[in-house]
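Below you'll find the structure, written out as structure tokens, and then a few comments.
The values are calculated or read from the model by the stated rules, or taken from the named source; none is laboratory data. These numbers were taken from a predicted model, which means no experiment stands behind them. Cβ atoms come from the backbone with ideal geometry, glycine included; neighbour counts cover every protein chain shown.
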Amino acid sequence: MPTERPKVKDLSELQLHQQLGKGAYGAVYLASLKAVPYTQVAAKVIDLELEHDINGVNNEIMILSSCFLPQITSYYGSFVRGCKLWIVMEYIDGGSLFDLIKAIKHNSTKPYAEQTIISEGHISVMLREVLLALEYLHDQGQIHRDLKSQNILMNMLGEVKLSDFGVSAQLASNFSRRNTTVGTPYWMAPEVIANDFGGHSFKADIWSIGALAYELITALPPLQNLYPPMVALSKIPKLNRVAHKHGRNKVSYSMEFIDTIKLRELTVSDSFKDFMLKCFIIDPSARPSASRLLKHRFITKYASKDTSTLVTIFEDLKLYGNKSTKAKPSPYYIPTINEH
């Protein structure tokens, strides 16, 4: 049975504190629940007169309210006050993995590739938690479709949470593929951009996991150091596809892509490289599922480590003299593309 979560139905139930962030749609505030002392929450306030993607907002509420998993941000309720929609969620005090990468770059005197704050073991644990969230979503017939470091949060206890379901898609039982272009270019699977292979399925999230893994070890998702977003969007679907023998089966990799991002030159373990290669299989039907990737050697060899081991990342950041685990907002925000 799911753990009982607080239910918030009105603004009067909240004690507002400070603004955490602001965007074109509205803002996010840190608040606490009056009925549950010391329980902090994040309150997303959306101006309904400015927000044009109401379906996306409704979709996020629907998905969050139906998810009961430690690896997915908890939903506490929503309500409308005037022309503002309030969505109340679990507050994650450590920031996003995007924030974490920026903080390490900001505080380290070494190039990111030489930093020792995030180890392969840390990355394996992070990816395991995200894969558990994806396994849960996919089993419920959901595709996230915008998996990236900005949408993965971590609290000060080391717990990793998947968030931002505004562009997620429901997979009907008799229609397992989508035919819309949605996501963020550097993390998007080729079939999503090109709308080939008969549309795209939950395997699109697996390509994004590979891009996230690459980002955690290099500080940038694939191709970002070479092309601006829209150029990358045009290049990814045109990647040359070559079938390679892998075990008993032939699978199609784009060696052009693998060589362009210099994946084989990364100073990481062979199991980590193989994990990313599996995610970057061009044919989505040959790409492994989240459940299968949870059994990959790169994940299982760190199975004994729980998320509490990630706390050392925050501790090491403090040794670098960082007063906050959160990096300053980057002026280069990579927007999600939503094209129906």
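Points worth noting:
- Selection of region 1-18 for residues being part of a strand (DSSP E or B) and out of contact with any Ser or Thr (no Cβ under 9 Å at 6 or more places or on another chain) yields only GLN18.
- Identity of the residue in region 241-278, in a loop (DSSP other than H, G, I, E, B) and either in contact with a strand residue (DSSP E or B) (Cβ under 7 Å, 6 or more places away or on another chain) or modelled with pLDDT under 85 (or both), that ends up surrounded by the most Cβ atoms within 10 Å (Cβ to Cβ): SER254
- If the condition is being modelled with pLDDT of 95 or more and surrounded by fewer than 22 Cβ atoms within 10 Å (Cβ to Cβ), then region 279-301 contributes PRO288, SER289, ALA290, SER291, ARG292, LEU294, LYS295, HIS296, ARG297, ILE299, THR300, LYS301.
- When region 19-34 is filtered for residues that are part of a loop (DSSP other than H, G, I, E, B) and within 14 Å of VAL88 (Cα to Cα), only LYS34 remains.
- In region 142-165, the count of residues that are in contact with a helix residue (DSSP H, G or I) (Cβ under 7 Å, 6 or more places away or on another chain), within 26 Å of PRO70 (Cβ to Cβ), modelled with pLDDT under 80 and not basic (Lys, Arg) is one or more.
- Helices (runs of 4 or more DSSP H) within region 35-145 that include 3 or more residues surrounded by 14 or more Cβ atoms within 10 Å (Cβ to Cβ) and assigned by TED's automatic domain parsing to the domain that holds LEU220: 97-107, 120-139
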